[in-house]
1. Quick check: is even one residue across the range 22-38 open to solvent by less than 30 Å² (accessible area, probe 1.4 Å), in contact (Cβ under 8 Å) with a residue 60 or more places away in the chain, touching a Leu at 6+ places or on another chain (Cβ under 7 Å) and not in a helix (DSSP H, G or I)?
2. When only residues in the range 1-19 that are open to solvent by 60 Å² or more (accessible area, probe 1.4 Å) and among the aliphatic types (A, V, I, L, M) count, which is farthest from Gly73 (Cα to Cα)?
3. Select from the range 132-165 the residues that are among the small types (Gly, Ala, Ser) and part of a strand (DSSP E or B) and list them in ascending order.
4. Quick one: how many residues across the range 1-30 are within 21 Å of Glu89 (Cβ to Cβ) and either touching a helix residue (DSSP H, G or I) at 6+ places or on another chain (Cβ under 7 Å) or hydrophobic (A, V, I, L, M, F, W, C) (or both)?
5. Please tell me if Glu45 is out of contact with any His (no Cβ under 7 Å at 6 or more places or on another chain), among the charged types (D, E, K, R), open to solvent by 20 Å² or more (accessible area, probe 1.4 Å) and more than 30 Å from Glu134 (Cβ to Cβ).
6. Does Lys60 satisfy the criteria of being under 16 Å from Phe155 (Cα atoms), over 16 Å from the mean Cα position of the chain (by Cα) and open to solvent by 40 Å² or more (accessible area, probe 1.4 Å)?
7. Just to verify a result, which residue in the range 143-165, among those that are open to solvent by 60 Å² or more (accessible area, probe 1.4 Å) and either under 20 Å from the mean Cα position of the chain (by Cα) or not β-branched (Val, Ile, Thr) (or both), is modelled with the lowest pLDDT?
8. Filter the range 112-133 down to residues that are open to solvent by 30 Å² or more (accessible area, probe 1.4 Å), touching a residue at least 24 places away in the same chain (Cβ under 8 Å) and not basic (Lys, Arg), then give me how many there are.
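The values are calculated or read from the model by the stated rules, or taken from the named source; none is laboratory data. Everything numeric here is computed off the predicted structure, so don't read it as measured data. Note that each Cβ is placed from the backbone with ideal geometry, even for glycine, and that neighbours are counted across all protein chains shown. Accessible surface is based on the protein model in full, side chains and every heavy atom, while ligands, DNA and RNA are left aside. Shrake-Rupley method; radii C 1.70, N 1.55, O 1.52, S 1.80 Å.
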Amino acid sequence: MQESQFEAILCSSAIVYLIDISTALRRWHKALKPGGVVAFSCLAESSPSASVLSRAVAQKYGVTIPNPNKLLGTPGRCHQILKMVGFEESKIKTEQFGFYLQDAERVWVGNANSAFGLQGAKWSEEQLERCKQEYLTQINQASTTEGYWNDVTMFFVIAYKTLGP
């Protein structure tokens, strides 16, 4: 990307898939014209709660699945990293998109097969089944008649490149 080329750079729900978020934000800052804006959305580190539970259960079985939402997982961290890469002003709006999950088995499959799931786990079928059953048990224990509340807290972030000295 050339420097000072864009007035706006947008990234919707995909920033966690970038290999180095800090470097990407720094490059975006350079690519913006003075007064330009970067806007992205990201999840809170505690969201979605069904995925947080999946990582916790996998950890009990010796598999660490990094939390992809940790780096930008709080408004404070978002502001901090943006300031670190050169953005002087940033605003964050928090929204709740949670919903009740009805089918624990389907939730397991979604989490196990997600980009941040269990693909790297070197488990026997028995170990995988034990982990799955513990996850399903915990989901069911935390469920109400409406289902399992899957908290999905999202941040909508806007940062501005200063007009210059």
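1. Yes; the residues of the range 22-38 include at least one that is open to solvent by less than 30 Å² (accessible area, probe 1.4 Å), in contact (Cβ under 8 Å) with a residue 60 or more places away in the chain, touching a Leu at 6+ places or on another chain (Cβ under 7 Å) and not in a helix (DSSP H, G or I).
2. Among them, the one singled out is Met1.
3. Going through the range 132-165, the residues among the small types (Gly, Ala, Ser) turn out to be 142-143, 147, 159, 164.
Of everything in the range 132-165, those that are among the small types (Gly, Ala, Ser) and part of a strand (DSSP E or B) turn out to be Gly147, Ala159.
4. 13
5. Numbers: out of contact with any His (no Cβ under 7 Å at 6 or more places or on another chain): yes; among the charged types (D, E, K, R): yes; open to solvent by 20 Å² or more (accessible area, probe 1.4 Å): yes; more than 30 Å from Glu134 (Cβ to Cβ): no.
Considered against the rule, which asks whether it is out of contact with any His (no Cβ under 7 Å at 6 or more places or on another chain), among the charged types (D, E, K, R), open to solvent by 20 Å² or more (accessible area, probe 1.4 Å) and more than 30 Å from Glu134 (Cβ to Cβ), Glu45 comes out as no.
6. No: the conditions fail for Lys60.
7. Across the range 143-165, the extreme among qualifying residues is Pro165.
8. The qualifying residues number 6.
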